[in-house]
Amino acid sequence: MKKPVVLIVEDELIIALDIKEILEEEGYDAIINIVTVDDAIHAVENLNPSIVLIDINLKQDKDGIDLGTYLLEKDKTPFIYITSYSDKTTLERVSETRPYGYIVKPFKSIDIKTTVSIVLNNFKHRNIDVVRQDKEIDTDIPFILKKAVNYIAENITEKIKISDLAKQTRWESQHFNRLFKQYVGVTPYRYILEKKIEKAKVLLTETTLPITQISFELAFKSHSNFCAVFKKATKKTPENFRKCYQAQHIYFD
């Protein structure tokens, strides 16, 4: 499973390193040492990141909001501001760029993890989230696919077959697969796997359930299969992931 690339535009190295460590614990590929708007634009165009985290105060001629304006115009990459500025003037400038999230320093590691996860999830579903569509919907495909996505969420602890999902629609499995990938961006199988890993992370960090039981709860083939899939997705074993979470600290500016 390819790791999502996170571009961290932050000129304070210590903070950038903290954010990088937080995100890499979650299985992201975090890139730092991007300290100017021009460098960030070059990185966006060449690396095609999944998401960009932007410090507003970059101590340059152009600040983070200028970068946000660029990303808004391109409208291909979600972005989040991370800043100690929360005054009215800054917020007014920020709102004009329509960011997907805003985190105020000092922050906790859980703030970074949850905001990035939610933003990526919402961005992935933008094509089937009819409530957020700016243009008129001329097809019922997003509405129908939403049923399949909801079915996955409601049955994530079960073994979900593609045929089960196709039954939520009027399509045959092959046609359903094609439309799902077209609108959601990944195959149904990959989407289900990603959601099971997300659920596993919650169970590992918010409960004391044995890892063997978690693999059973999420309907993996076996304990070893769960551990292999989890490690491939996060670069950590479930046990190490739980230990890292328990040892997490609060990160300050």
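The values are calculated or read from the model by the stated rules, or taken from the named source; none is laboratory data. This structure is a prediction, so every number in the text was calculated from the model and none was measured. All Cβ positions, even for glycine, are placed from backbone atoms using ideal geometry, and neighbour counts span all protein chains on display. Surface areas here come from the heavy atoms of the whole protein model, side chains and all, with no ligands, DNA or RNA. Shrake-Rupley method; radii C 1.70, N 1.55, O 1.52, S 1.80 Å.
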Quick one: 3J(HN,Hα) in Hz for the stretch 204-212, Karplus 6.51/-1.76/1.60 with θ = phi - 60°, rounded, Gly and Pro as x.
6, 9, 10, 9, 10, 4, x, 4, 4
Suppose all protein chains stay in the model; what accessible area per residue would a 1.4 Å probe give for the stretch 177-253, in Å²?
57 Å²
Select from 202, 116, 35 the residue whose mean-square fluctuation is largest in a Gaussian network model of the chain (Cα-Cα springs shorter than 10 Å).
202
FRET efficiency for residue 92 and residue 12, Cβ-Cβ distance as r, R0 = 25 Å, nearest 0.05?
0.55
Can you give the angle from 0 to 90° between the axis of helix 141-154 and the longest principal axis of the chain, with both taken from C-alpha atoms, to the nearest 10?
80 degrees
3J(HN,Hα) from dihedral phi, the stretch 231-236, Karplus parametrisation 6.51/-1.76/1.60, rounded to Hz, x for glycine, proline:
5, 5, 7, 10, 6, 9
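Over the chain, with every protein chain in place, what whole percent of the accessible area is carbon and sulfur at 1.4 Å, could you tell me? Working shown, then result.
Numbers: 6830 of 13900 Å².
In the chain, the share of accessible area belonging to carbon and sulfur is 49 percent.
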Exposed trypsin sites (Lys or Arg not before Pro) being those in a DSSP loop with at most 16 other Cβ atoms within 10 Å, the longest stretch of the chain free of them is 3-58
Identified option (computed semi-axes √(5λ) of the Cα gyration tensor in Å; candidates (1) 33, 22, 17; (2) 28, 19, 19; (3) 33, 25, 14)
(3)
